[in-house]
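Peer 1: Just dropping this structure here.
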Amino acid sequence: MRIGVFGGSFNPPHKMHESIAEQLINKKLIDKVIFVPTSNFYPKAGLISDEARFDMLNLMIKDKKEYDVS
């Protein structure tokens, strides 16, 4: 199985994040995408809590078996 790790702040996760993962899977470049949101230690202005971003990513991927959040 080919796994892609997609890291970022996901502040918030949006359609383009989902589209990138979808294209990689549809083009058969990878079999699974694991989204890895940064913690709150990332020095970005206006960063919402890591728990909220984690929860939003889980909502975004809830019906997609090829996606996971770590």
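Computed from the coordinates by the stated procedures, all read-outs in this text should not be read as laboratory data. Predicted model, so just to flag it, every value in this text is computed and none were measured. As a convention, Cβ positions derive from the backbone with ideal geometry for all residues, glycine included, and neighbour counts pool all protein chains shown.
Peer 1: If you line up the long axis of helix 15-26 against the longest principal axis of the chain, both from Cα atoms, how many degrees apart are they, to the nearest 10?
Peer 2: The angle comes out near 20 degrees.
Peer 1: Which lysines, on any chain, are close to Lys28 with Cα under 22 Å apart, when same-chain ones fewer than 8 places away are left out?
Peer 2: Leaving aside lysines fewer than 8 places away in the same chain, those within reach of Lys28 are Lys15, Lys62, Lys64, Lys65.
Peer 1: Suppose a student asked you for the relative contact order of the chain, using Cα pairs under 8 Å spaced at least 6 residues apart; what percent would you report? Could the numbers behind the result be given before it?
Peer 2: Numbers: 90 pairs, mean separation 27.8, N = 70.
Relative CO of the chain lands at 40 percent.
Peer 1: Taking the Cα centre of the chain as the origin, how large is its charge dipole in debye, to the nearest 20, when only Lys and Arg (+1) and Asp and Glu (-1) carry charge on their Cβ atoms? Intermediate values should be presented prior to the final figure.
Peer 2: Values: 10 positive and 9 negative charges, 53 e Å.
Result for the chain is approximately 260 debye, rounded to the nearest 20.
Peer 1: Efficiency by 1/(1 + (r/R0)^6): what FRET value for Glu66 and Ser19, r their Cβ-Cβ distance, R0 = 22 Å, to the nearest 0.05?
Peer 2: 0.95
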